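Colleague: Sharing a structure below in structure tokens format, with a few things to ask.
Every number here is computed from the coordinates shown, using simple stated rules; none is lab data. The model shown is predicted, which means the values in this text are computed figures rather than measured ones. Reconstructed Cβ throughout: ideal geometry from the backbone, glycine too, with neighbour counts over all protein chains shown.
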Amino acid sequence: MKLDADHLMAAYKAMGSGNRDEILQYWSEDLVFSIPGHSQVAGMCNGLDEYLAFRRKCGELSDHSTSREVATLIVGDDYTADVGALRAHRAEDPSKTLDIETFHWLRWEDGKVVEGKGGSFGKGQDEYDDFWGQA
């Protein structure tokens, strides 16, 4: 299967749906995903279940306000990379907001994401850690 931008965006849409059957069309059960930083949500997710738990925790902490808009992307044979804006507000304090530029690097096998890494630019990592709170 040849990767393209539509496949990448369909994978993000599936992940956003929360529907496990839909997610499994694009994301491997054996997914490994690295979330950088020193916050309570940072760390390595080993397996799809751990990654989904990370996303649930972010949803709870942000009153499900987290959104990421992809601005640009690169698609290779087995890899994708994209840059986008990550925005959210905290559940207990809507005045506490996050608005940073982030990137995702994904490795694909047989049309599914098997490995991912996220990151941010400039002071974005400090803002990310501050927003989610220390571990």
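Colleague: Using R₀ = 30 Å, calculate the FRET efficiency as 1/(1 + (r/R₀)^6) where r is the Cβ-Cβ separation of ALA91 and GLN25; round to 0.05.
Modeller: 0.50
Colleague: A further question on this structure: Ignoring everything except DSSP H segments at least 4 long, calculate the 222 nm mean residue ellipticity for the chain; use -39,500 (n - 2.57) per segment, divide by total residues, nearest 500.
Modeller: -8500 deg cm²/dmol
Colleague: Okay, moving on. Taking the Cα centre of the chain as origin and charging only Cβ (+1 Lys, Arg; -1 Asp, Glu), how large is the dipole, in debye to the nearest 20?
Modeller: Approximately 180 debye in magnitude.
Colleague: So how compact is region 5-132: Cα radius of gyration and Dmax in angstrom?
Modeller: That works out to 14.0, 43 Å for Rg and Dmax.
Colleague: Need the list of aspartates and glutamates near LYS13 for cross-linking: C-alpha distance under 16 angstrom, and skip anything on the same chain fewer than eight residues off.
Modeller: ASP4, ASP21, GLU22, GLU69, ASP82
Colleague: Step through the residues of region 91-100 one at a time and calculate ³J(HN,Hα) from phi using the Karplus curve (6.51 cos²θ - 1.76 cosθ + 1.60, θ = phi - 60°), rounding each to whole Hz and writing x for Gly and Pro.
Modeller: 4, 7, 8, x, 6, 8, 10, 10, 8, 10
Colleague: Relative to the present Cα-Cα distance, how much length would full extension add between GLU115 and VAL83 at 0.36 nm per residue of separation?
Modeller: 9.8 nm
Colleague: Which length gain, in nm to one decimal place, applies between LYS57 and LYS13 when the Cα-Cα distance is subtracted from 0.36 nm times their residue separation?
Modeller: 14.0 nm
Colleague: May I pose another question? Return the loop-located trypsin sites (Lys or Arg not before Pro) in region 1-97 (DSSP other than H, G, I, E, B) with at most 15 other Cβ atoms within 10 Å of their own Cβ; answer none if there are none.
Modeller: LYS2, LYS96
Colleague: Which value, in debye to the nearest 20, gives the size of the charge dipole of region 37-117 about its Cα centre, when Lys and Arg are +1 and Asp and Glu are -1 at the Cβ?
Modeller: 240
Colleague: Only sites in a loop by DSSP and with at most 16 other Cβ atoms within 10 Å count here; which GluC sites (Glu not before Pro) in region 40-96 make the cut?
Modeller: Filter output for region 40-96: GLU92.
Colleague: Hey, another quick one. Using θ = phi - 60° and the Karplus curve 6.51 cos²θ - 1.76 cosθ + 1.60, what whole-Hz ³J(HN,Hα) does each residue of region 3-11 get, with Gly and Pro shown as x?
Modeller: Working through the residues one at a time gives 6, 8, 4, 4, 5, 4, 5, 5, 5 Hz.
Colleague: Then there's this: Give the span of region 78-135's Cα atoms along each principal axis, as three whole-Å numbers ordered largest to smallest.
Modeller: 42, 23, 20
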